[in-house]
Amino acid sequence: MSQSPPKPVDPDPIAAQLSDEDVAAYLEARPDFFIHNPDILPVLSLPARTAESGVMDFHAYAQSALREKITMLQSVQDDLTGIIRDNIRTQETIHAAVLAALEAPDEEAFLHCVLQRWSDILDVEAIGLGLISPPNEKLKSGNLTEMTAADIDARFGDEDTGGEKPDTLFLNLDEDEPLFGPAAPLIRSCILLRMVRDEESFGILALGWRDHGGFGPGRGTETLQFLTHMLTAMFVR
């Protein structure tokens, strides 16, 4: 008497305990199973209905469309999860920078924190400041420069619509940016953030990277503007 070939070992121990009859009986008892569990459909291989030549099998078409939709929704969910994580990391970074500046005991320590320590906290290669009214001469450094309101306004220019000047610029650099002082030859991309007090230009905060496009898609403009507003308020105080 010939013996049937051994059944392949299923890597899933639960599936190994179930026969096709068990699965069929379970689905028969729960006809709405796939309605409540649509995520399983993309991994199933279902037979297409027999149709005459030139006739569309709407069962197979609907099944394929459902699979594509589920795959698309999963991709969107993954993208949203990544965006949320990036936003959380950005907010935590900005909060750390603000707290570090607030803990500075005096003006000299405050400037050192902003111009030096923030580079590590914000993960940038260089930081520059251009101020209309910089601190006293002894606190000036290579990346802390004096500017006029006209200089600042000229930097940001006008938008195409409404003549409203932007507060944030993302730039790839082919020439040195003087705001970064001695580090300028190393910086090839930057974000320039306008510092404003009473609707008038107060200064520029510049964040720089060694590579083009260093600012990347994960840099939250709103959180960086918050950081700029905080920095302006601390200089005013």
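For this structure, a couple of remarks:
- Number of the exception - Thr223 against (1) in a helix (DSSP H, G or I); (2) at pLDDT 90 or above; (3) within 21 Å of the chain's Cα centre (by Cα): (2)
- Every residue from segment 137-152 that is at pLDDT below 85 and either of a type in the set (Asp, Glu) or outside the structural domain of Asp176 (by TED's automatic domain parsing) (or both): Glu137
- Checked against the criteria, Pro185 counts as modelled with pLDDT of 90 or more and either loosely packed, with under 12 Cβ neighbours inside 10 Å or of a type in the set (D, E, K, R) (or both).
- Within segment 84-121, if we keep just the residues that are acidic (Asp, Glu) and in a helix (DSSP H, G or I), the residue that is surrounded by the most Cβ atoms within 10 Å (Cβ to Cβ) turns out to be Asp86.
The values are calculated or read from the model by the stated rules, or taken from the named source; none is laboratory data. Computed from a predicted model, the values in this text were never measured in an experiment. So basically every Cβ, Gly included, is an ideal-geometry build from the backbone, and we count neighbours across all protein chains shown.
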